[in-house]
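The values are calculated or read from the model by the stated rules, or taken from the named source; none is laboratory data. Here the structure is a predicted model, which means the values were calculated and not measured. Note that each Cβ is placed from the backbone with ideal geometry, even for glycine, and that neighbours are counted across all protein chains shown. When the accessible area is computed, the model is the full protein with side chains, heavy atoms only, and any ligands, DNA or RNA have been set aside. Shrake-Rupley method; radii C 1.70, N 1.55, O 1.52, S 1.80 Å.
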Amino acid sequence: MMSLRIAPGSKVRLARFDPADTSAFGGTKAQALRDSQRHLQRLNQLQELLYACHADPVLVILQALDTGGKDGTIRHVFQGLNPQSVKVARFRVPTPIELDHDFLWRVHSEVPGKGEIAIFNRSQYEDVLVPRVRHLVPKTVWTRRYRSINEFERTLALAGTTILKFFLHISSGEQRRRLQERLDDPTKHWKFSPADLEERSRWPLYTPAIEEMLERTSTPWAPWYLVPSDKKWFRNWAVGRILVDALEARQFQWPSLPPGTKVTRIP
Ligand code: AMP
Ligand code: MG
């Protein structure tokens, strides 16, 4: 799975990554769905271990353009986890109070504590995308945010947090299809926003903004994974697999009985 990881310091040209590429899996959709079921079971066990050990936290960051699949990824990859130790934070257009603070203020309060997994549906990365593309702040302001973000994530990593960042990469054609579906299907009308069309027209401006974000903030302590996401089954498989691998690497052990426990049979 290392193939989806963006090596720190490397150049990123999104046009070179086919959003429909599933070769990192290499099998059929049916095989991937079976694998994903196994990922769910394993993730459930690993989460219980993380919670039991009160181990250092895990932060999963999901970024994508509209319809990229952040919600679907959360629904599929994290289903079946124990709600007691998972939290999802979603970041919307900043409120006036949030805008009166530094851009990380609202983010820091949502980071996971020991034993927890937090999933960010959008994140601090909105602040180097939307304000740049829409000219909401001067260039001098958004450019220094890369460093602030890297240092912020470094702080979290030094405190023990495992950070995994996923950019869900879809094609313009796939976005058109998904937006059309939201228009056509009454059960999806709630997801449709005319603002999404405005954002869609800015696609050529988002591309370099995303490339620079991936280039400047994929770090050894908080790597980005560029996930081809036109095929939902591949996206779910890839995110699940990367998560399972990252948690397996932590090598949790079940905590033993409290020291001095002498009893072996409950009277
Ligand atoms: P949704 O995720 O569909 O609920 O939409 C949330 C909206 O909030 C998206 O259009 C985001 O681009 C926008 N948003 C989130 N964070 C920021 C931010 N820091 N600055 C500007 N817009 C943001
Ligand atoms: Mg939306």
#### Entry: Among (1) farther than 30 Å from Gly27 by Cα; (2) more than 16 Å from ligand 2 (Cβ to nearest atom); (3) open to solvent by 20 Å² or more (accessible area, probe 1.4 Å) - the single one Thr161 does not satisfy
(3)
### Query
Regarding Leu50, is this residue away from ligand 1 (no atom under 16 Å from the Cβ), modelled with pLDDT of 95 or more, under 27 Å from Leu14 (Cα atoms) and not in a loop (DSSP other than H, G, I, E, B)?
no
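Quick one: which of Asp35, Asp21 is more than 16 Å from ligand 2 (Cβ to nearest atom), in a helix (DSSP H, G or I), over 23 Å from Asn121 (Cβ atoms) and of a type outside the set (S, T, N, Q)?
Numbers: Asp21 fails: in a helix (DSSP H, G or I).
Of the residues listed, the single one that is more than 16 Å from ligand 2 (Cβ to nearest atom), in a helix (DSSP H, G or I), over 23 Å from Asn121 (Cβ atoms) and of a type outside the set (S, T, N, Q) is Asp35.
Go through segment 236-264 residue by residue and tally those that are outside any helix (DSSP H, G or I), surrounded by 14 or more Cβ atoms within 10 Å (Cβ to Cβ) and of a type outside the set (D, E, K, R). Steps first, answer last, please.
So in segment 236-264, the residues outside any helix (DSSP H, G or I) come out as 249-264.
The next check asks that each one be surrounded by 14 or more Cβ atoms within 10 Å (Cβ to Cβ); those that pass are 250, 252.
Of the ones still in play, those that are also of a type outside the set (D, E, K, R) are 252.
Residues flagged as outside any helix (DSSP H, G or I), surrounded by 14 or more Cβ atoms within 10 Å (Cβ to Cβ) and of a type outside the set (D, E, K, R) within segment 236-264 amount to 1.
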### Message
Every residue in segment 102-121 that is buried (at least 16 other Cβ atoms within 10 Å of the Cβ), more than 16 Å from ligand 2 (Cβ to nearest atom) and not in a loop (DSSP other than H, G, I, E, B), please.
### Response
Arg106, Val107, Ile117, Ala118, Ile119
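Here are some residues: Val137, Val60. Which one is in a strand (DSSP E or B) and aliphatic (A, V, I, L, M)?
Working: Val137 fails: in a strand (DSSP E or B).
Within the list Val137, Val60, the selection yields Val60.
Among the candidates Gly80, Gly72, Gly27, which residue alone is under 20 Å from the mean Cα position of the chain (by Cα), part of a loop (DSSP other than H, G, I, E, B) and under 30 Å from Lys231 (Cα atoms)?
Among Gly80, Gly72, Gly27, only Gly80 is under 20 Å from the mean Cα position of the chain (by Cα), part of a loop (DSSP other than H, G, I, E, B) and under 30 Å from Lys231 (Cα atoms).
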### Query
Which pairs have Cβ atoms under 9 Å, sit 6 or more apart or on different chains, and link a residue in segment 122-150 that is at positive phi and within 16 Å of ligand 2 (Cβ to nearest atom) to one that is open to solvent by 40 Å² or more (accessible area, probe 1.4 Å) and not in a loop (DSSP other than H, G, I, E, B)?
Arg122/Arg90
### Message
Among the residues of segment 60-72, are any open to solvent by 80 Å² or more (accessible area, probe 1.4 Å) and more than 16 Å from ligand 2 (Cβ to nearest atom)?
### Response
no
### Enumeration of residues in segment 22-54 that are open to solvent by 60 Å² or more (accessible area, probe 1.4 Å), out of contact with any Lys or Arg (no Cβ under 6 Å at 6 or more places or on another chain) and touching a residue at least 40 places away in the same chain (Cβ under 8 Å)
Lys29, Leu33, Arg42, Tyr51
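Every residue, every condition in (1) closer than 12 Å to Leu65 by Cβ; (2) open to solvent by less than 40 Å² (accessible area, probe 1.4 Å), yes or no:
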position: Ser171; (1), (2): yes, yes
position: Gln180; (1), (2): no, no
position: Pro208; (1), (2): no, no
position: Thr217; (1), (2): no, yes
position: Trp224; (1), (2): no, yes
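Just give me the residues in segment 164-176 being in a strand (DSSP E or B) and within 16 Å of ligand 2 (Cβ to nearest atom), in sequence order.
Passing the criteria: only Leu168.
For segment 73-82, which positions are free of Cβ contacts under 8 Å to residues at least 40 places away in the same chain and either open to solvent by 30 Å² or more (accessible area, probe 1.4 Å) or among the small types (Gly, Ala, Ser) (or both)? Working first, answer last.
Kept after step one, since they are free of Cβ contacts under 8 Å to residues at least 40 places away in the same chain, are these residues of segment 73-82: 75, 79, 81-82.
Passing the criteria: Arg75, Gln79, Asn82.
I need the full set of residues from segment 83-100 which are open to solvent by less than 20 Å² (accessible area, probe 1.4 Å) and assigned to a helix (DSSP H, G or I), in order please.
Ser85, the sole residue that qualifies.
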